Amino acid sequence: MTGPLSWYCANNIRVTGFIRSGSGYLTGSDLSEYFSSSLTITEFEQKLVSANGQFSVIIRRGKEIWAAVDRVRNYPLFYMNTEDGWIISEDCYKLAPLLTGRKINPIAASSFLASGFVIGRFTLIEDIFQVEAGSFVVLNEEAFSSFYHNSATGSITDISITQAKAELTRLIHEVFGSHFKALNDRFIAVPLSGGYDSRLIAAMCAKYHPENVICYTYGSEMSPEITPAKEVAKRAGLRWINIVYDNELIKDYMLDGYFEKYFTYASGLTSMFFLQEYFAVRYLKENKLIPENCVFMPGFSGDMIAGSHLTPDMQRGMTSIQTAELIFREFFRLIKIRKKEKEEILKLIAKNILPDNYHKWTEIESWDMKERQSKLIVNSAKVYKYFGYEYIMPFWDKLLIDFFSGLPFELKLNKKLYDLVLREEIFGGLNLNLKNEILASSRIKVLQRFKDSLKPYIPSAVIKLLISKESPIFYEEITRYLIEDFGSERFLPPAQPNFYNSYITQWYLLRTKKDMGIIHE
């Protein structure tokens with residue numbers, strides 16, 4: 001193995017990360033022991049299905065290599081075939097030099113530019129592949145892969161809202177309480193916004209881990225997140241700091257000694273590297289505001305598993321290709337791509353959608369979890385690892401994923417159950433419900449979806465006039481450095497003026513081609 005992760009190796013088994021067992025973590029030798037009894041692929045898959053945590057595992061059994069990542073791909077694995085056999089690594093940049101005549105995968109590149117990530121098992125470079133979230137691969141004469149977790153294959157629970165409230169409340173306390181007990185007295189950093197997810201983490205810190213906690217909010221001095229975050233921290237009795245993003249903080253960041261290695265580490269030829277929290281974590285580290293053994297606890301992705309991405313039309317009957325088209329409209333929006341490229345992406349999306357699943361909205365959520373959440377949102381936590389810190393994501397605990405996956409549509413639309421439980425069962429007792437919430441109401445969400453549906457029929461020049469380019473996380477100024485690096489003439493215009501992530505994806509693709517000597521693409 002190559003790369004910066006800490007791996008435990010014994011008896012042809014290599015593991016990294018942890019599995020939560022009760023109120024403790026299985027790591028190192030204990031994690032290796034968990035998988036050691038897997039003598040067949042079936043036994044290996046059973047272990048993976050039961051595993052609850054953030055982990056990757058590689059096992060050699062005779063001439064075969066078995067490799068797997070957790071449900072949301074916290075620690076990615078990449079593999080390729082050579083004349084000497086299969087090579088697997090956490091660092092795809094160690095594999096790329098072994099290829100002769102490196103080429104960009106054109107469909108992967110189109111997917112990356114439109115969404116911020118490469119879909120499926122592919123990467124930006126042909127012949128380098130990745131282990132997908134919630135899956136395992138078997139490498140022998142050929143490469144075989146299979147998903148051990150698919151949230152769309154479970155059954156929908158017949159449960160009343162009263163029963164669901166009680167069960168979700170219990171699960172929240174069980175999951176968070178167990179994690180805090182396992183962390184013992186470790187120092188915890190909470191990125192606190194004005195939303196519910198990070199507020200729940202702050203609430204649980206106040207209840208189970210009130211000491212050794214710092215909450216921080218970042219963005220421009222005019223960010224709407226500052227006031228509610230500051231108030232929540234005050235009411236919860238937690239230390240809070242505000243990290244203001246301005247020209248001085250981001251000045252010449254591409255030459256700061258961190259960036260050059262960060263963007264390759266965070267992207268891995270698959271994902272857009274995030275810069276929105278890069279400056280905050282760098283600030284905390286350089287100003288010694290957190291200890292070296294600090295554990296970050298971000299709010300990824302409570303809103304998603306609770307139903308925030310669901311829309312009323314997802315409940316209708318759809319074919320696999322219609323489902324794929326809806327997914328494309330929702331998540332492939334950074335730039336406009338050609339019709340042929342779109343059709344190829346739609347085929348890849350539709351390929352893994354079960355045609356006989358009546359509840360197509362579960363297929364959309366499953367796809368979102370395996371693709372966008374794992375490769376974009378969860379992957380953004382690499383910023384913590386890069387600067388030398390661990391992170392825990394309680395919302396991706398198996399108990400919470402399985403609970404929300406089985407809820408009926410009506411309890412998930414607009415996060416109905418989740419928001420109700422947080423307001424009435426969690427925040428109420430801690431006085432964390434605010435008078436002027438910045439969360440969008442269901443009525444506003446419906447109005448925004450209607451506006452989005454009209455955009456294809458409105459001239460782009462008009463859209464530019466209607467949409468504000470102001471970014472609460474200073475992204476216009478941050479991405480300007482990237483644009484100037486190659487020159488504005490090398491960049492395509494984003495689908496909307498404020499889609500700043502488009503500049504990050506385009507810069508990364510340009511830089512990848514340059515660094516790998518790919519000049520005729």
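The values are calculated or read from the model by the stated rules, or taken from the named source; none is laboratory data. Values in this document were obtained by computation on a predicted structure and should not be read as measured data. So basically every Cβ, Gly included, is an ideal-geometry build from the backbone, and we count neighbours across all protein chains shown.
Filter the helices (runs of 4 or more DSSP H) completely within the stretch 188-284 down to those with at least 1 residues that are touching a strand residue (DSSP E or B) at 6+ places or on another chain (Cβ under 6 Å). Spell out the reasoning first.
Working: elements: 196-208, 226-236, 247-250, 259-267.
Answer list for the stretch 188-284: 196-208, 226-236.
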Task: Among (1) out of contact with any Asp or Glu (no Cβ under 6 Å at 6 or more places or on another chain); (2) crowded, with 21+ Cβ neighbours inside 10 Å - the single one F187 does not satisfy - done: (2)
Task: Selection count where residues are assigned to a helix (DSSP H, G or I) and of a type outside the set (S, T, Y), scope the stretch 469-521 - done: 21
Task: Qualifying position, being more than 20 Å from the chain's Cα centre (by Cα) and on the phi > 0 side of the Ramachandran plot, among D256, D252, D356, D313 - done: D252
Task: Which numbered condition T217 misses (of (1) within 30 Å of G429 (Cβ to Cβ); (2) in contact (Cβ under 8 Å) with a residue 40 or more places away in the chain; (3) of a type in the set (S, T, N, Q); (4) touching a helix residue (DSSP H, G or I) at 6+ places or on another chain (Cβ under 8 Å)) - done: (2)
TODO: May I ask you to list the residues in the stretch 479-521 that are closer than 21 Å to L95 by Cα and either in the same structural domain as L124 (by TED's automatic domain parsing) or among the charged types (D, E, K, R) (or both)?
DONE: R511, K513, K514, D515, E521
- [ ] Determine which single condition V175 fails, assuming it passes every other condition in (1) touching a Pro at 6+ places or on another chain (Cβ under 8 Å); (2) surrounded by fewer than 17 Cβ atoms within 10 Å (Cβ to Cβ); (3) under 26 Å from F403 (Cβ atoms).
- [x] (2)
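Residues are listed down the side, and each one gets a yes or a no for (1) buried (at least 18 other Cβ atoms within 10 Å of the Cβ); (2) over 22 Å from T505 (Cβ atoms); (3) within 16 Å of the chain's Cα centre (by Cα); (4) not assigned by TED's automatic domain parsing to the domain that holds L400:
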position	(1), (2), (3), (4)
Y283	no, yes, no, no
E286	no, yes, no, no
E292	no, yes, no, no
M297	yes, yes, yes, no
Q322	no, yes, no, yes
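Criterion first (more than 23 Å from the chain's Cα centre (by Cα), more than 27 Å from E363 (Cβ to Cβ), surrounded by 19 or more Cβ atoms within 10 Å (Cβ to Cβ) and not basic (K, R)) does A236 satisfy it? Spell out the reasoning first.
Numbers: more than 23 Å from the chain's Cα centre (by Cα): yes; more than 27 Å from E363 (Cβ to Cβ): yes; surrounded by 19 or more Cβ atoms within 10 Å (Cβ to Cβ): yes; not basic (K, R): yes.
For A236, the condition - more than 23 Å from the chain's Cα centre (by Cα), more than 27 Å from E363 (Cβ to Cβ), surrounded by 19 or more Cβ atoms within 10 Å (Cβ to Cβ) and not basic (K, R) - is met.
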Task: Number of the exception - I119 against (1) within 30 Å of K360 (Cβ to Cβ); (2) among the β-branched types (V, I, T); (3) touching a residue at least 24 places away in the same chain (Cβ under 8 Å); (4) outside any loop (DSSP other than H, G, I, E, B) - done: (4)
Open item on the list: Being touching a Leu at 6+ places or on another chain (Cβ under 7 Å) and either among the charged types (D, E, K, R) or not assigned by TED's automatic domain parsing to the domain that holds I125 (or both) is the filter here; which residues of the stretch 67-107 pass it?
Closed with: E90
